[in-house]
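Peer 1: Just passing along the structure, written as structure tokens.
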Ligand code: NAP
């Protein structure tokens, strides 16, 4: 299996990594399990908090260097490191509160819940936010006392190794986070190992199905953060000037390679022409170029494969009757894997693209006549990650949001990810949550202690 940094701006192979051997996997498992045995009764919390505090400091000190590594791996614009550092602050600040025993009211005795670590976790993570995706599973689970083996995407090995090296530099004991360059079969074997307690994956439905199946076969818990085909519902009373301020970035951020990017814009029929113009205006102003250059506003896609897949999807949509409103022209003045922002209308339910996630800067606009129809279109998806409702009556916006089947709703705002806000979806977007206290408790053993006074 080739773990390689192929810079999507220059198309050059920058690094190739050797596969992890079975002996190295065994060592990682044995070290991780040893740590779990030391930590599962609640020991070592103060030491772990000190590691995460130091990790936050290192991240901030090296923000530019680390951001550049990520850009070389998968092409993104500079950023993301400070957000990861904020996860360190948040979980250190709340660790004692989240892990405090929780009393339970019962008339028959005395009961409380101890919050304890569950065991070694196998984490499988994607390339779209190389540090953030690792940080949001590693940091809370390390605080809990769950050591982690990591299989990151094959196209961002340099970032994954840099993150793991920084965790070691922050004085985490060996085995706390081991980055592995392993095959899918090795991932399955690790999940089946009796020393592993659970698995989490962020990625595609295909990957999620495989990891969840392996976990289920050996009766282990899993959480899945999968794709999305998020709806952006514009209500009749929307302030179109305010909308123009946020709209382009809801689709273009990270070159459109975000699970929670808005992908389906559901717009009152009479506002569609104005809406298309706003989007076109935003899309036409992007500056493609070197993602390390701060003046670039649209980065290349992560790989040649990603560009080929998106090109095929847009072509499939058009071949099945979609109307190309803007874009989808070759980007000839750039060597890298750039994709021209594209707008489609006329995608019908019969179009094979209707229920597919397009992971790049492609916006599909759906007109509606009544609000019921808007909600019906939003819910007509096998995904249920996030959605946005844009209108000027907050009470009504909330009502509309509550009718959409999704794990997250944003009102009058593009999506956001913050340490205190839970992140995750329903339907084929996965199950479980990451971040916040809810994400923190996914792999916590909620250990009931029930006691009665000994009789004299
Ligand atoms: P992907 O192919 O599933 O890859 C994600 C990770 O899973 C990679 O490390 C990949 O390894 C691994 N993987 C895939 N199949 C596997 C298997 N059978 N066994 C073990 N590991 C396996 O996903 P992607 O297409 O690169 O990533 C983009 C997807 O992630 C999109 O659908 C996006 O919406 C979703 N995503 C979701 C969230 C969320 O929080 N809900 C956040 C970001 C992205 P290799 O690289 O070696 O193939």
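Peer 1: As a check on your grasp of the helix formula, calculate [θ] at 222 nm for the chain: sum -39500 (n - 2.57) over DSSP H runs of n ≥ 4, divide by the residue count, round to the nearest 500.
Peer 2: Details: 14 runs with 181 residues, N = 456.
The per-residue figure over the chain is -12500 deg cm²/dmol.
Peer 1: Label the range 230-411 by shape, choosing from rounded, prolate and oblate, from the square roots a ≥ b ≥ c of the eigenvalues of the Cα gyration tensor; if a/c is under 1.5 it is rounded, and otherwise prolate applies when a/b is larger than b/c, oblate when it is not.
Peer 2: Verdict is prolate for the range 230-411.
Peer 1: For the Cα atoms of the chain, what angle does the longest principal axis make with the long axis of helix 63-74, in degrees from 0 to 90, nearest 10?
Peer 2: With both axes taken from Cα atoms, the answer is about 60 degrees.
Peer 1: Using only the C-alpha atoms of the chain, find the volume of their convex hull and express it per residue in Å³.
Peer 2: On the way: hull volume 72.3 nm³, N = 456.
In the chain, the Cα hull volume divided by residue count equals 158 Å³.
Peer 1: Relative to the longest principal axis of the chain, what angle (0 to 90°, nearest 10) does the C-alpha long axis of helix 304-319 take?
Peer 2: 50
Peer 1: What angle do you read, to the nearest 10 degrees and between 0 and 90, between the alpha-carbon axis of helix 130-144 and the longest principal axis of the chain?
Peer 2: The angle comes out at about 30 degrees.
Peer 1: For a quick protection proxy, order the peptides 28-39, 54-65 by their average other-Cβ count within 10 Å, most packed first.
Peer 2: Result, highest mean first: 28-39, 54-65.
Peer 1: Just need the Rg to Rh number for the range 342-418, please, alpha carbons only, Kirkwood Rh.
Peer 2: Reported Rg/Rh, Kirkwood definition of Rh: 0.95.
Peer 1: Moving on to the next point. Reported to two decimal places, what Rg/Rh ratio describes the range 81-168 when computed on Cα atoms with Rh from the Kirkwood expression?
Peer 2: Details: Rg = 16.4 Å, Rh = 14.7 Å.
Looking at the range 81-168, the ratio lands at 1.12.
Peer 1: With N set to the number of residues, divide the alpha-carbon radius of gyration of the range 397-439 by 2.2 N^0.38 Å and report two decimals.
Peer 2: In units of the globular-protein estimate, the range 397-439 measures up at 1.19.
Peer 1: Here's another thing I want to ask about it. Classify the range 1-155 from the C-alpha gyration tensor, please: rounded if a/c falls under 1.5, else prolate or oblate depending on whether a/b exceeds b/c.
Peer 2: Taking the square roots of the gyration eigenvalues as a ≥ b ≥ c, the range 1-155 is prolate.
Peer 1: Sorting check: for 334-342, 164-172, 119-127, 195-203, which peptide has the highest mean count of neighbouring beta carbons within 10 Å, and how do the rest follow? Intermediate results must be reported in sequence, preceding the final value.
Peer 2: On the way: 334-342: 20.6, 164-172: 18.1, 119-127: 26.0, 195-203: 23.7.
The most tightly packed comes first, giving 119-127, 195-203, 334-342, 164-172.
Peer 1: What percentage of all Cα-Cα pairs in the range 149-269 are separated by more than 25 Å? Walk me through the intermediate numbers first.
Peer 2: Details: 3297 of 7260 pairs.
Roughly 45 percent, rounded to a whole number.
Peer 1: Which distance in Å, rounded to a whole number, links the C-alpha centroids of the range 319-381 and the range 202-252?
Peer 2: Result: 16 Å between the Cα centres.
Peer 1: Okay, moving on. Under the definition of Cα pairs under 8 Å and six or more residues apart, what whole-number percent is the relative contact order of the range 230-411?
Peer 2: That works out to 30 percent.
Laboratory data are not the source of any read-out in this text; all were calculated from the coordinates shown. This one's a predicted model, so the numbers in the text were calculated from it and none came from an experiment. Positions of Cβ are backbone-derived with ideal geometry, glycine not excepted, and every protein chain shown enters the neighbour counts.
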